[in-house]
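**Student:** Before we start, here is the structure in question, set down as structure tokens.
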Amino acid sequence: KDYSFAVEWERQISETLTSQLNVGARYTDIDESNNNNNDDNLGYFGQAVLSKIGETFSGEIGVTRDLRANSDGQVIVVNRFYLRGDKRLLERLGVRFYGAAYQSDTESDDANGDKTRFFELKPTLYYMLTENHSLLLAYEYQNLKELDDPGDPVTERNRGWLGFEFKFPQKWN
């Protein structure tokens, strides 16, 4: 169970620059029925984002802290820093970039460790066929380091693909 209270503040700094801040307190009660563990925790969460939008460029930089569930069902605290950008080079041709770094750890004091560091980089080249349809060529690099396993093992992933992207229009005529 997770109970939280948050306050959000958004400010338009200029015509093209916006900031957003979201902070709050949370109380988490973790009941693990398979081993009769009960753990409660008082903590915080938050998000700070700075966004810039222009005629041919949009970008965002942000920092977040939140709770998530891992693949074992344990509650983990995830701290994330990310950077996102999109630049139109020509009328239909553009590039995108996304990069993020995550650090996570278990929320429960009784649970086995799940302390990891993860980062990913994703540059993309795209060509707009229509306003809502694009062809894209993308590459993604991911790096995961498990900080609480012996030897701090590292897992790397490299992926590349050619794809078709379809966006649902904001207005249906």
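The values are calculated or read from the model by the stated rules, or taken from the named source; none is laboratory data. Note that the coordinates shown come from a computational prediction; the quantities given were computed from them, not determined experimentally. For neighbour counting, all protein chains shown are included, and Cβ atoms are generated from backbone atoms with ideal geometry for every residue, glycine included. The accessibility values were calculated without ligands, DNA or RNA, using every heavy atom of the protein model including side chains. Shrake-Rupley method; radii C 1.70, N 1.55, O 1.52, S 1.80 Å.
**Student:** Pairs under 6 Å by beta carbon, first residue assigned to a strand (DSSP E or B) in region 147-160, partner open to solvent by 60 Å² or more (accessible area, probe 1.4 Å) and of a type outside the set (Gly, Ala, Ser), six or more apart or different chains?
**Tutor:** Cβ pairs passing all conditions: VAL154/LYS145; GLY160/TYR139.
**Student:** Being within 24 Å of the chain's Cα centre (by Cα), small (Gly, Ala, Ser) and surrounded by fewer than 12 Cβ atoms within 10 Å (Cβ to Cβ) is the filter here; which residues of region 122-162 pass it?
**Tutor:** Residue satisfying the conditions is GLY160 alone.
**Student:** To continue, here is another question. Taking region 93-109 as the search range and keeping residues that are at pLDDT below 95 and either outside any strand (DSSP E or B) or aromatic (Phe, Trp, Tyr) (or both), which one is nearest to the chain's Cα centre (by Cα)?
**Tutor:** Step by step, filter region 93-109, then rank; the result is TYR102.
**Student:** Kindly list, by first and then second residue, each pair from a residue in region 112-130 that is at pLDDT 95 or above to a residue that is acidic (Asp, Glu), limited to pairs with Cβ atoms under 7 Å and residues at least 6 apart or on different chains.
**Tutor:** Taking only residues 6 or more apart or on different chains, the pairs are GLU120/GLU140; LYS122/GLU140.
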